[in-house]
Every structure is written in C-alpha cells, then in structure tokens.
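This report refers to the structure that appears directly beneath it.
The values are calculated or read from the model by the stated rules, or taken from the named source; none is laboratory data. Source: prediction; values computed, not measured. Backbone-built Cβ (ideal geometry, glycine too); neighbour counts: all protein chains shown. Note: areas computed on protein heavy atoms with side chains; ligands, DNA, RNA excluded. Shrake-Rupley method; radii C 1.70, N 1.55, O 1.52, S 1.80 Å.
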Amino acid sequence: MIQENFNLKKFNTFGVDVSCRYFTEIGTAKDFEELKKNKKYSEAKKLVLGGGSNLLFTKDFDGIVLHNRFEGIGVVSVDEDYAFVKAGAGEVWHEVVLYCIGKNFGGVENLSLIPGYAGAAPIQNIGAYGEELQQVFHSLTAIDLESGEQKNFSLDECRFGYRDSIFKREAKNKFMITDVTLRLKKNPVINTTYGAIEKELEHMKITSPTIRDVSNAVIKIRSSKLPDPKVIGNSGSFFKNPTIPIEKYDRLQQLFPDLVAYPAQDNTMKISAGWMIEKCGWKGKRIGNVGMHTDQALVLVNYGGATGRELLQHAAEVQKSVKENFGIIMEAEVNVV
Ligand SMILES: Cc1cc2nc3c(=O)[nH]c(=O)nc-3n(C[C@H](O)[C@H](O)[C@H](O)COP(=O)(O)OP(=O)(O)OC[C@H]3O[C@@H](n4cnc5c(N)ncnc54)[C@H](O)[C@@H]3O)c2cc1C
C-alpha cells in the first residue's frame, strides 16, 4: 500500500516535522515486485528508510520513502571457527546483537545499543568502542532500485572506511539492502581496550568478562552518556572525526597542546571533532531550538520544534568556526536529505 503525504516526524530521531509524497513498507521481495509495477514508484525519487537515526530531513521529501521491514534472524552456517548469522534488514540492530550474545557468538558486543536497523549498519560501517561493523561483516543482499535485480555484496565490494561505504558514494540511493550476514567468533575474544569499558567492568566488579558483560558495560556507558532521542531529538554524532596528515597535526599540537587526537592509517591523525567544537565554545550553547549537546559537543540537538534547515544552518555555523580556528573542515556523518 502506498500512502500519500505521509508525516515522517516519528520516523526520524531528530523529530523534524516533514512529510514525504509517498510512503510504503517493503518486507519481502514480492512486495518490491508489486511496487515496481506502480507508476508512482517508477517516476518518483527514492529513499530507503530504516530507523531514521542517521538522517536529517531539511525539507519535505518529494518522492517515495521505502520503509524497510525485512525480518528474521538466524544462523545460516557454522564452520570450525565461525558462525554466520543472517539478519533481515528491518531487524533492530541491537536485537541482532542480543541474538548473537545469546548464542555466545563474539564480535558485535562493543556495538551494543547503536540505534537503527540492521540494514543501515553497512551504510556507514557503524562503529563504537574500538570496533567497526567491517570486522564482523561477511556479505549482504540488496535490491537494485531501478532494475529490481538482486545483488550480493562481499566485504571487499562494500569498500568500507571510517563511517563510510560504497552506499554513501557510488551506490548511494541505488539499492535497498534486504539482509546482512555477519561472521562471528565461536570462541569470542573480547576487546576492552577502550578505556571506558574497562572502567565500567571494574565498577561492575567483573574480572573475567564474558561478551554479555562487555555488552552490559557498553549499554551502561551509552545510556549514561548519550542523549536519548525519545527525550531530545538528535542523530548521535553529527560530524565525523576528521583525519589530517601528521605534519599538520604536529603544527596544530604546538598551538594547542591539549589537542585530542589518535593515530590513524598512513601517517595521519584522527582529531576529536567534539574537542574542537567545545574549544570553539559551541558545547551546550543553545540558539533558538537548536544547539550542540551540553555533555556531548558532537551531538547536534533539536530542543523541540526545530526545522531541518535550522539544524543544518547551526551545523554549518559550527563547521565554519572550526575551520576558522583550526583550518580543518569537518564532514557530516549524518545523511542530509
Ligand atoms: C543516540 C544515537 C547514538 C548513535 N551512536 C552511533 C554509534 O555509536 N556509532 C555509529 O556508527 N552510529 C551511531 N549512530 C547513528 C545511527 O544509529 C547509525 O548510523 C545507524 O546504523 C542508522 O540506522 P537507521 O536504521 O536508523 O538508518 P536511517 O537513519 O534510517 O538511514 C541512514 C542512511 O542509510 C540509508 N539506509 C537505511 N537503511 C537502508 C537499507 N536497508 N538499504 C539501503 N539504504 C539504507 C538511508 O537512506 C540513509 O541514507 C547513533 C545515532 C543516535 C541517534
């Protein structure tokens, strides 16, 4: 069923009050085949929607929104070392994590409680607490939105990078991911190198943590640290942490001895965008209905009633002042529509 002039306020975690021309739910390949015959579909601009937790709508969407409802989580195969778990793209990501933990399959515990659906996880190669999706990713299936053909994407074909994949570049808005297969360790090796997890485990008085303990620690940290979109509209980190050549970092570090940065690949350094935003005085500063969060400088928030344009305008101001002060251009992590 195609609905017309559909309101998307409850379908984006910024809580922006926008509508789309057409809205429909797709839960099977057959749903898609039916839809493809409809003229409304073929002539319209297309946008696949998951949980709406990484999207900023700046205006009404004059096209068709395909809400992903592909369901099901299960083990598809097992070998000596690994278990392969396939999840429908419409499954809530955290439920997939809990499923894997329930079977004691390791690799996704650090990615606990990241909002959104499984199908969106490959789009920006979700990451948190020292882990990224690509470390457990095996393959995915997607439908070509024009031809309707199914295509498999291997790990290499997804061309994952830091909060990046082919689906944010050449393949942007061209496919609807329908399922994702993960390759998980049957003998989990936990990763608590991220300081906050170790501290939380200590606090929980756990000395030999299991993957469930790590997941619980991550859940605790995230719940105490990150603003809940149900309470205050946001999309998590608005900007990526920029990477710069090490020479440029050395120069900046002379000027700002407390600069927060981490070594990255190929002689580059990843600079904390949150630190730069805070240094520029934006943390907790509210302008009208928008601002950067009081505790998390990297999180753009809608205090209520903000339009997408207001949010984008604010992000642009923050970006400009970081560029003026540090000579670094921050790139948006959130998908702007
Ligand atoms: C409080 C909070 C904390 C967050 N923390 C993190 C974090 O720690 N790490 C992290 O990486 N992200 C984080 N995010 C961002 C977000 O949770 C992830 O990017 C998530 O994967 C988005 O899923 P979604 O289903 O909501 O995607 P949506 O917002 O619905 O879509 C995001 C993009 O993917 C496309 N898309 C979605 N589903 C499909 C599909 N099936 N096929 C093709 N294209 C599709 C959309 O068109 C859009 O461009 C956070 C967000 C919030 C609100």
What accessible surface, in Å², does a 1.4 Å probe find on Phe175, ignoring ligands, DNA and RNA and rounding to the nearest 10? 40
Taking amide H positions as placed 1.01 Å from N in the peptide plane, with prolines and chain starts having none, which residues 5 or more places from Val337, or on another chain, fall under 5 Å of its amide H? Leu56, Phe57, Thr58
Mean separation of Cα pairs under 8 Å and 6+ residues apart, divided by the residue count of the chain: what relative contact order is that in percent? 16
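Roughly what % of DSSP beta bridges within the chain run antiparallel, to the nearest 5? Before the final figure, lay out each step's value.
Values: 49 of 63 bridges.
Antiparallel bridges make up about 80 percent of those DSSP assigns within the chain.
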Dipole of the chain [Lys/Arg +1, Asp/Glu -1 at C-beta], most positive-end residue of Pro229, Asn38, Thr243: Pro229
With Ala128 itself left out, Lys, Arg at +1 and Asp, Glu at -1 over residues whose Cβ is under 14 Å from its Cβ give 0
Please state the shape class of region 39-113: rounded when a/c is under 1.5, otherwise prolate if a/b exceeds b/c and oblate if not, all from the C-alpha gyration tensor. prolate
Stokes-Einstein D in µm²/s, Kirkwood radius over Cα pairs - region 234-337 at 25 °C with 0.890 mPa s viscosity: 175
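Could you list the GluC sites (Glu not before Pro) in region 135-167 that lie in coil according to DSSP, counting only those with at most 15 other Cβ atoms within 10 Å of their Cβ?
On the way: sites: Glu146, Glu149, Glu157; in loops: Glu146, Glu149.
Filter output for region 135-167: Glu146, Glu149.
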Could you please report the charge total around Ala196, scoring K, R as +1 and D, E as -1 over all other residues with beta-carbon less than 12 angstrom from its beta-carbon? +1
Given region 32-118, what percent of its DSSP beta bridges are antiparallel, to the nearest 5? 55
Given Lys185/Lys240; Lys168/Lys320; Lys199/Lys225; Lys37/Lys168; Lys45/Lys86; Lys9/Lys225, which pairs have Cα atoms separated by over 20 Å? Lys185/Lys240; Lys168/Lys320; Lys37/Lys168; Lys45/Lys86; Lys9/Lys225
Given charges at Cβ of Lys, Arg, Asp, Glu: the chain dipole, positive-most of Val97, Leu47, Val76: Leu47
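Rounded, prolate or oblate, given the Cα gyration tensor of the chain, with a/c below 1.5 counting as rounded?
Details: a/c = 1.69, a/b = 1.12, b/c = 1.50.
Oblate is the answer for the chain, as a/c is 1.5 or above yet b/c matches or exceeds a/b.
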Once neighbouring chains are kept in place and the probe is 1.4 Å, which whole percent of the accessible area of the chain is contributed by carbon and sulfur? 47
Towards the positive end of the charge dipole of the chain, with charges on Cβ (+1 Lys, Arg; -1 Asp, Glu), say which of Asn191, Ile328, Gly106 has the farthest Cα. Ile328
Hey, what do the phi angles of region 303-315 turn into as Karplus ³J(HN,Hα) couplings, whole Hz, using 6.51/-1.76/1.60 and θ = phi - 60°, x for Gly and Pro? 6, x, x, 6, 8, x, 5, 4, 5, 5, 4, 5, 4
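Which trypsin sites (Lys or Arg not before Pro) in region 1-68 pass both tests, a DSSP loop state and at most 10 other beta-carbon atoms within 10 Å?
Lys37
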Qualifying trypsin sites (Lys or Arg not before Pro) in region 194-247, DSSP loop, other Cβ atoms within 10 Å at most 11: Lys205, Lys230
State to the nearest 20 debye the size of the charge dipole of the chain about its Cα centre, where the only charges are +1 on K and R beta carbons and -1 on D and E beta carbons. 700
Sequence-separation-based contact order of region 1-59, relative, with Cα cut under 8 Å and 6+ spacing, percent: 39
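Return the percentage of antiparallel bridges among DSSP beta bridges fully within region 24-173, rounded to the nearest 5 %.
65
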If the only charges are +1 at each Lys and Arg Cβ and -1 at each Asp and Glu Cβ, what is the size of the charge dipole of region 257-337 around the Cα centre, to the nearest 20 debye? 220
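Nearest 20 debye, what's the magnitude of the dipole of region 114-232 about its Cα centre given +1 on Lys and Arg Cβ and -1 on Asp and Glu Cβ?
On the way: 17 positive and 15 negative charges, 68 e Å.
Taking the Cα centre of region 114-232 as origin, the dipole is about 320 debye.
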